[in-house]
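The values are calculated or read from the model by the stated rules, or taken from the named source; none is laboratory data. Bear in mind that the values here come from a model prediction, so they are computed numbers and not experimental data. All Cβ positions, glycine included, derive from the backbone under ideal geometry; neighbour counts span all protein chains shown. To get the accessible areas, we keep the full protein, side chains included, count just its heavy atoms, and leave off ligands, DNA and RNA. Shrake-Rupley method; radii C 1.70, N 1.55, O 1.52, S 1.80 Å.
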Amino acid sequence: MAADDDVKAKTDVNPERPARTRVVLGEAAARRRPADRAGTDLAEQTPIGEALVKGLMRAQLALALRLALVVVTGLGALPLLFAVAPGVGGVKLFGIYLPWLLLGLLSFPFLIGVGWAYVRWAERNEQDFVALIRRPEQ
Amino acid sequence: MNPYLVPGLIVVVLVTVGIGVYGLRFARTTSDFLVASRSVSPAWNAAAISGEYLSAASFLGVAGLILRYGVDVLWYPVGFAAGYLALLLFVAAPLRRSGAFTLPDFCEVRLGSPLLRRLASVFVVFIGCLYLVPQLQGAGLTFTTVTGGSYAWGALLVGVVVTANVALGGMRAITFVQAFQYWLKLTALAVPVIFLALQWQSDGRPAVTPQPGATFPVATTVVLEQDAVVDGVPLEKGQQLSYDAGAPVPKVSTVDANFGADWLRPGGDGSLFATYSLILATFLGTMGLPHVLVRFYTNPDGASARRTTLVVLGLVGTFYLLPTLYGVLGRIYTPQLLMTGRTDAVVLLLPEAALGGGHLGQLLGALVTAGALAAFLSTSSGLLTSVAGVVFTDVLRAGRGGSIRDFRLATVLAASVPVLLSLYVSNMDVSRVVGLAFAVAASSFCPLLVLGIWWRRLTDVGAVAGVLAGGGASMAAVLITVLGPPLDGWLADAVGQPAAWTVPLAFIVMISGSLLTSKRVPRDVGATMLRLHAPETLRA
């Protein structure tokens, strides 16, 4: 039942998107709070609240693992490649041997690019989660 | 001696103290004092983290390793930078949200076990000491190279200065000081490299690995300090060897180095196992370094901890482009280091060797020496502060009632072991020792943090067992490598680069131990997970 709620909530997010940017006065937010059931679920550790946190954790972990896999295949496979196909190590690009170019220069922008993508997507996951908790009850 | 040297070093110390005093004016409360101010922007904070992180091993050691072994050791700088990506993906934001200030604190927050806390303290002290050794080694080496004095005096001098500094509270973890140190280190490598590249151009772009092997650019005289076999001829200690300009550099039996294609192409004599072990240690070890984690507390919330880590990745990545160039150019201009084996000195010697002893060469030589001083001052102060803090709270059990005198005692205790060790292991590569510290961190704290943050079923018994198995095994491997006899064959690889088997061991033991004791899962795990993962905006 909790999982159903999670899935339904996720599909609800898109049509609700403009609501997230709404600016609410402190007074109005205080008036809304008793109706904020998801927030209460979260604070009181009900099964629904726990399922919501689990959903967020799963999304964040899946994102981190996927990007780690990108690094493992992109960088981690290089030693194996050089060992299996020694010819690759002898290729020259712009007068520099390929391994020097890949490791000494290109690996750093690659790592930064992966990190940038992670920060962007992780923040989006969190915004979705906040929108889910804060959504006005129907 | 270089006339610009002493003024350069004095300027570094004065500016460091000056910024420190200026920064103190903003510190109002105790927590401001300990972790700078919590309202520091990600850019400043990231520069401070990078400043503390880029140690003598990065500044001197990486270039030395590349000069010696070539392309195979490029994994060191890549791994030192990639560690921050692993930290970003799995640890940064949840760790900040946990509110833990140190690793033992995290154990307390997540599992509430005093035994685990004590075990974590032991590992913080061990890793901190192991990481301090190469800083002092770098200091001793710089002292010998620059003044011609003895190695031991240099290591002792810097050890005493850093200990006094931390014990007397002269250089606390002030964000602005550390941030300044980062930019100083970057400048100290980046400016000379421009002139070095221009010099290389005007010399007609000499080949890095000329066909007959490396040659001496100028006439060089070498004195043997121990018996050695030079190019197949056995020679005795004290003999003088002279070489003309253009003569090939001979191979010396006591110095392990790669030449020709072995240096240029991957997969020389370094085995695949050792390479992957190194990758695992550096990728996963960064998150377990005691002085790195403390700094994350300075971020206001989890999201900014993530952004800070990304900026650190950028700053550290930029820095690591430079040591490779020093290592490669050192092959052309300072090949005598391949005979003496003191390859870690290449960064210090290269400017004067390539540009001549004129004003330009001397000025740039003073600049890189100043950068090296910044490197070991900043890292060792940060490390010693974290280690002394743990000794103070968890070993001396001073707690809240502890006096300043106890903290000073803790500092002296924490500093004495690494100083003694640094005298003993003077002949090991600076970066190698640092690699060992990463291996221990990767096999103890990495599983603890990753499973603690992402796995609800972790128990205190499982965590203790995993840390003991993985961390203990890697610790034993390090002790054998540093103090024991030299090993041969696969055993040498397995002990010299232990991470490839100790990290999986730690994970397996931690997971199976937790599953076996599943009744001991903390009852408040739901609340802890909510705190670790939910954005701060939801906390009302």
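Quick one: B:LEU284 ticks every box in (1) in contact with a Ser or Thr (Cβ under 9 Å, 6 or more places away or on another chain); (2) hydrophobic (A, V, I, L, M, F, W, C); (3) open to solvent by 10 Å² or more (accessible area, probe 1.4 Å); (4) facing chain A (nearest Cβ under 10 Å) except a single one, so which number is it? B:LEU284 satisfies every listed condition except (4).
Checked against the criteria, B:GLY170 does not count as within 16 Å of B:LEU377 (Cβ to Cβ) and modelled with pLDDT of 80 or more.
Looking only at segment B:485-528, which residues are under 21 Å from B:LEU284 (Cα atoms) and acidic (Asp, Glu)? Result: B:ASP493, single match.
The conditions of being in contact (Cβ under 8 Å) with a residue 60 or more places away in the chain, open to solvent by 50 Å² or more (accessible area, probe 1.4 Å) and within 14 Å of chain A (Cβ to nearest Cβ) are met by B:ARG531. Within segment B:483-528, the set of residues being over 30 Å from B:VAL133 (Cα atoms), surrounded by fewer than 15 Cβ atoms within 10 Å (Cβ to Cβ), among the small types (Gly, Ala, Ser) and away from chain A (no Cβ under 14 Å) comprises B:SER512, B:SER518. Can you tell me which residues in segment B:479-500 are farther than 13 Å from B:TYR276 by Cβ and assigned to a loop (DSSP other than H, G, I, E, B)? The answer is B:GLY484, B:PRO485, B:PRO486, B:LEU487, B:ASP488. Among the residues making up segment B:379-398, a single one is in contact with a Lys or Arg (Cβ under 8 Å, 6 or more places away or on another chain) and among the polar types (S, T, N, Q): B:THR385. List every residue pair whose Cβ atoms sit under 9 Å apart, with the two residues 6 or more apart in sequence or on different chains, where the first one lies in segment A:60-81 and is touching a residue at least 24 places away in the same chain (Cβ under 8 Å) and the second, anywhere, is among the polar types (S, T, N, Q). From residues that are touching a residue at least 24 places away in the same chain (Cβ under 8 Å), the pairs are A:GLN60/A:ASN125; A:LEU63/A:ASN125; A:GLY74/A:SER107; A:LEU75/A:SER107; A:LEU78/A:SER107. Is it true that B:SER121 is within 20 Å of the chain's Cα centre (by Cα) and under 16 Å from B:LEU448 (Cβ atoms)? It is true that B:SER121 is within 20 Å of the chain's Cα centre (by Cα) and under 16 Å from B:LEU448 (Cβ atoms). The residues of segment B:207-235 that are at pLDDT 70 or above, open to solvent by less than 50 Å² (accessible area, probe 1.4 Å) and out of contact with any strand residue (DSSP E or B) (no Cβ under 9 Å at 6 or more places or on another chain) amount to a single one, B:VAL208.
Here the condition is being part of a helix (DSSP H, G or I), modelled with pLDDT under 85 and away from chain A (no Cβ under 14 Å); of B:ALA57, B:ALA48, B:ALA100, it holds for B:ALA57 alone. Each residue in segment B:288-314 was checked for being at the interface with chain A (Cβ under 10 Å from one of its Cβ atoms) and open to solvent by 10 Å² or more (accessible area, probe 1.4 Å), and 5 of them qualify. Inspect segment B:329-351 for any residue being more than 30 Å from B:SER41 (Cα to Cα), at pLDDT 75 or above and within 14 Å of another protein chain (Cβ to nearest Cβ) and give the result as yes or no. Yes, there is a match, as at least one residue in segment B:329-351 is more than 30 Å from B:SER41 (Cα to Cα), at pLDDT 75 or above and within 14 Å of another protein chain (Cβ to nearest Cβ).
Residue-by-condition table, conditions (1) within 8 Å of chain B (Cβ to nearest Cβ); (2) closer than 22 Å to B:ALA274 by Cβ; (3) out of contact with any strand residue (DSSP E or B) (no Cβ under 7 Å at 6 or more places or on another chain); (4) not hydroxyl-bearing (Ser, Thr, Tyr):
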site	(1), (2), (3), (4)
A:ALA62	no, no, yes, yes
A:VAL88	no, yes, yes, yes
A:ILE96	no, no, yes, yes
A:PRO99	yes, yes, yes, yes
A:LEU102	no, yes, yes, yes
A:LEU105	yes, no, yes, yes
A:ARG120	no, no, yes, yes
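Within the bounds of segment B:516-532, is there any residue that is under 24 Å from B:ARG118 (Cβ atoms), at pLDDT 90 or above and in contact with a Leu (Cβ under 6 Å, 6 or more places away or on another chain)? No, there is no match, as no residue in segment B:516-532 is under 24 Å from B:ARG118 (Cβ atoms), at pLDDT 90 or above and in contact with a Leu (Cβ under 6 Å, 6 or more places away or on another chain).
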